[in-house]
1. Is it the case that some residue within segment 24-41 is basic (Lys, Arg), surrounded by 16 or more Cβ atoms within 10 Å (Cβ to Cβ) and in contact with a Leu (Cβ under 6 Å, 6 or more places away or on another chain)?
2. Just checking, how many residues over segment 401-438 are surrounded by 12 or more Cβ atoms within 10 Å (Cβ to Cβ), in a helix (DSSP H, G or I) and out of contact with any helix residue (DSSP H, G or I) (no Cβ under 8 Å at 6 or more places or on another chain)?
3. Only one of (1) β-branched (Val, Ile, Thr); (2) under 24 Å from His259 (Cβ atoms); (3) outside the structural domain of Ala257 (by TED's automatic domain parsing) is not met by Ile117, so which one is it?
4. Scan segment 376-386 and tell me whether some residue there is within 30 Å of Gly278 (Cα to Cα), in contact with a Phe, Trp or Tyr (Cβ under 7 Å, 6 or more places away or on another chain) and touching a residue at least 24 places away in the same chain (Cβ under 8 Å).
5. For segment 181-202, enumerate the residues that are assigned to a helix (DSSP H, G or I) and in contact (Cβ under 8 Å) with a residue 24 or more places away in the chain.
6. Yes or no: Thr129 in a helix (DSSP H, G or I), assigned by TED's automatic domain parsing to the domain that holds Pro221 and either of a type outside the set (D, E, K, R) or at pLDDT below 95 (or both)?
7. Could you please find all residues in segment 266-289 being within 25 Å of the chain's Cα centre (by Cα) and either over 22 Å from Gln429 (Cβ atoms) or outside the structural domain of Leu326 (by TED's automatic domain parsing) (or both)?
Amino acid sequence: MTAILWFRRDLRLGDNPALRAAMAEGRAVIPVFVWGPEEECEWAPGAASRWWLGQSLEELRSALERRGSRLVIRRGPPAEALERLARKCGAAAVFCNGSGGTVRGLPGNLLFEPGTILSRTGHPLQVFTAFWNACLREPAPAMPLAVPRRIPGPEEWPESLAVRDLKLEPAPARAGGWRAHWQPGEAGAWRRIRAFLRGPVEAYASGRDQPDRAGTSRLSPHLHFGEVSARQVWHAVSSREPVAEPFLRQLVWREFAHHLLFHFPRTPREPLRPRFHGFPWRVDAAGLRAWQRGMTGYPLVDAGMRELRRTGWMHNRVRMVAASFLVKHLLIPWTEGAAWFADTLLDADLANNTLGWQWCAGCGADAAPYFRIFNPVLQGARFDPEGSYVRRWVPEMARMPNRWIHRPWQAPEAVLAEAEVQLGRTYPQPIVDHEAARRRALEALRATRT
């Protein structure tokens, strides 16, 4: 008896309910990954995600081979590709995590399945604190499943594409920075977890907001591709109580994003709050380009955008500042920022990306009020007081004194000369004045109240 195991965004062997179900009763298992035309739709993975996917598939293939199995790769619409494969191999069932219909789907990619966490009146929760409290009332996530020692395979294996045939690798120059900073795959995910538990978790409540420190887990790409499950992370970190709760709240914030997307599937395109349908966004190609390149003249924003271009990741505090700058200082639609992040972030996740951008734009669930406008100078002084983060990613500012590094346009000429900074030449003048931008944003907000 043969079963097909369909890998989607669960590229791991540990805590994989679908794998265990497929192996039940001694079935031969054919692990499959399908890359189909629907993967190339509006929400197709961006260049950074495609690179990560390719690396992760190679790691998964090696892990399967070490357990006597293989990874079969096919192209085409998944339903058609799986049906053809099942007929050819005589497979009696197809198993995967988090699906339904004719495929035997099992929970596995979230702590709580979408639709199960509701208000006491049965409605979707749109405030995170209420969602968090509702999750705490649920039974604790089940203990993770172990990695099987061997995975039984068929006597005759079907043909397969190679990972390279999917053409997921971008230009070598672009992938170099990603490769230098990341190790995709299940083994890489566990290295991140162990490193986090050895130190950063102890000071996570305060250290996670300091972009110049290794104060976060950096697990987001691994979670996005399912190289480690949410409940594996939950149980690994919860063992470190009482310091674990701030991190566990962030893990549940990820759940919150997926539950919202389940209940409000139009939010990747439209604001959750109806009043923002009429918001007077601006078309500003030059401003958008300056933001994307990290050339806004605001060092903290520019450092974050350059970190993103170089590594495929950006510190979360700086993500908020950079996103706020785009939607409030420049009045550029949040969908433009979401599209750029989707292409350049290694952890680009439709649910998280949507929630994060709508939060910053003030138009989503539990959103920061639109009138809360981050001042990049004050944010830099508070969270990068020594300027270490800026100096790393904006080397033009390397010699600027701490006092002026987040506001070089206000520095005396002698200070600029000593630091070898020529505003408008070696580093840009601010593309917009903060106070003027703030007034404009508030006026735009008032216009939506009519």
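1. no
2. 3
3. Status for Ile117: all satisfied but (3).
4. Checked segment 376-386: at least one residue is within 30 Å of Gly278 (Cα to Cα), in contact with a Phe, Trp or Tyr (Cβ under 7 Å, 6 or more places away or on another chain) and touching a residue at least 24 places away in the same chain (Cβ under 8 Å).
5. Across segment 181-202, the qualifying residues are His181, Glu186, Ala187, Gly188, Ala189, Trp190, Arg192, Ile193, Phe196, Leu197, Val201, Glu202.
6. yes
7. Hits for segment 266-289 are Arg266, Thr267, Pro268, Arg269, Glu270, Pro271, Leu272, Arg273, Phe276.
Each row is one residue, and each column tells you yes or no for (1) assigned to a helix (DSSP H, G or I); (2) basic (Lys, Arg); (3) at pLDDT 95 or above; (4) in contact with a helix residue (DSSP H, G or I) (Cβ under 8 Å, 6 or more places away or on another chain).
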position	(1), (2), (3), (4)
Gly108	no, no, no, yes
Glu113	no, no, no, no
Ala134	yes, no, yes, no
Pro144	no, no, yes, yes
Pro152	no, no, yes, yes
Ser160	no, no, yes, no
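The values are calculated or read from the model by the stated rules, or taken from the named source; none is laboratory data. Being a predicted model, the structure only gives us computed values, none of them experimental. All Cβ positions, glycine included, derive from the backbone under ideal geometry; neighbour counts span all protein chains shown.
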